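Q: Okay, handing you the structure first.
The values are calculated or read from the model by the stated rules, or taken from the named source; none is laboratory data. Everything numeric here is computed off the predicted structure, so don't read it as measured data. So basically every Cβ, Gly included, is an ideal-geometry build from the backbone, and we count neighbours across all protein chains shown.
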Amino acid sequence: MTNVKKNERYIPTKNYVIAAVIVIGIILLTWYGFSWYKIIKENKVSTSYLISEKIISNELNGLEEVADVFSEVPNSYYVYISYTGDEEIYKMEEELSSLIKDYHLADNFYFFNVSSFKDDKDCIDKINEVFNLEDNKVTSIPTIIYFKDGKASNIIKNEGRGIMSVGEFQKMLDINGVTKE
């Protein structure tokens, strides 16, 4: 008779428990990592890139602040009207920052954050009213208004085309004769 060798190895139950704990640990660490990444990403876009990177320091958060601040501004200035929490707008602001730096506009640039009331039905009407815009009105957000001698001289209008582009702001600068210093 031939001897049949049994090639069976006994693996203790303890090893299976250790393997299961390791797999569960890896799954939990992966889940925690993705959750942490998502929170960091949301926090990043919850503030304007222009403000968080200190490109500009003039931020307005409410309608009531507008009258007070704009009674003491220079002859010509830009008002960037937008909201936070949108990845696409955050990326556009990253591109916009280079123009603000190149043209040295930081002191004449104001960020009007409308996040607190952007979902109101009459948000655009409130903006037009607070800036006394009668003929040339804001139609969508984000936008930039150029004021010269206290009156709106030029507004970027991006009707139905998504968010405004940096090229539109460049065109506004060219039209108004602003040059790099």
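Q: Does Ile163 satisfy the criteria of being modelled with pLDDT under 90, of a type in the set (A, V, I, L, M) and touching a Cys at 6+ places or on another chain (Cβ under 8 Å)?
A: No; evaluated as a whole, the condition is false for this residue.
Q: Could you identify the single residue in Ser82, Ser52, Ser98, Ser116 that is touching a Pro at 6+ places or on another chain (Cβ under 7 Å) and among the small types (Gly, Ala, Ser)?
A: Ser82
Q: Looking only at the stretch 61-72, how many residues end up being touching a residue at least 24 places away in the same chain (Cβ under 8 Å) and over 25 Å from the mean Cα position of the chain (by Cα)?
A: 0
Q: Same structure again: Within the stretch 121-133, restricting attention to residues that are more than 23 Å from Gly177 (Cβ to Cβ) and not charged (D, E, K, R), which residue is surrounded by the most Cβ atoms within 10 Å (Cβ to Cβ)?
A: Checked the stretch 121-133; the qualifying residue surrounded by the most Cβ atoms within 10 Å (Cβ to Cβ) is Ile127.
Q: Okay, moving on. Pull up the stretch 141-160, narrow it to residues that are touching a Ser or Thr at 6+ places or on another chain (Cβ under 8 Å) and among the basic types (Lys, Arg), then point me to the one that is modelled with the lowest pLDDT.
A: Among residues in the stretch 141-160 that are touching a Ser or Thr at 6+ places or on another chain (Cβ under 8 Å) and among the basic types (Lys, Arg), the one modelled with the lowest pLDDT is Lys157.
Q: Which condition number in (1) in contact with a strand residue (DSSP E or B) (Cβ under 9 Å, 6 or more places away or on another chain); (2) modelled with pLDDT of 90 or more; (3) of a type in the set (Phe, Trp, Tyr) is the one that Phe70 fails?
A: Result: Phe70 passes all but (2).
Q: Another question about this same structure. Would it be correct to say that Val66 is β-branched (Val, Ile, Thr), in the same structural domain as Tyr110 (by TED's automatic domain parsing) and in a helix (DSSP H, G or I)?
A: yes
Q: Ok, one more. When the residues of the stretch 134-162 are filtered to those that are in a loop (DSSP other than H, G, I, E, B) and surrounded by 17 or more Cβ atoms within 10 Å (Cβ to Cβ), which remaining residue is farthest from the chain's Cα centre (by Cα)?
A: Val138
Q: Scan the stretch 73-84 and give yes if some residue there is in a helix (DSSP H, G or I) and either among the charged types (D, E, K, R) or modelled with pLDDT of 90 or more (or both), otherwise no.
A: Within the stretch 73-84, not a single residue is in a helix (DSSP H, G or I) and either among the charged types (D, E, K, R) or modelled with pLDDT of 90 or more (or both).
Q: Any idea which of Asn176, Asn128 is more than 23 Å from Ile100 (Cα to Cα) and of a type in the set (S, T, N, Q)?
A: Asn128
Q: Moving on. Quick one: which of Ile40, Ile11, Ile27 is surrounded by fewer than 10 Cβ atoms within 10 Å (Cβ to Cβ) and part of a helix (DSSP H, G or I)?
A: Ile40
Q: Let me ask something additional. Could you tell me whether Phe117 is among the aromatic types (Phe, Trp, Tyr) and in contact with a Cys (Cβ under 6 Å, 6 or more places away or on another chain)?
A: Yes, satisfied.
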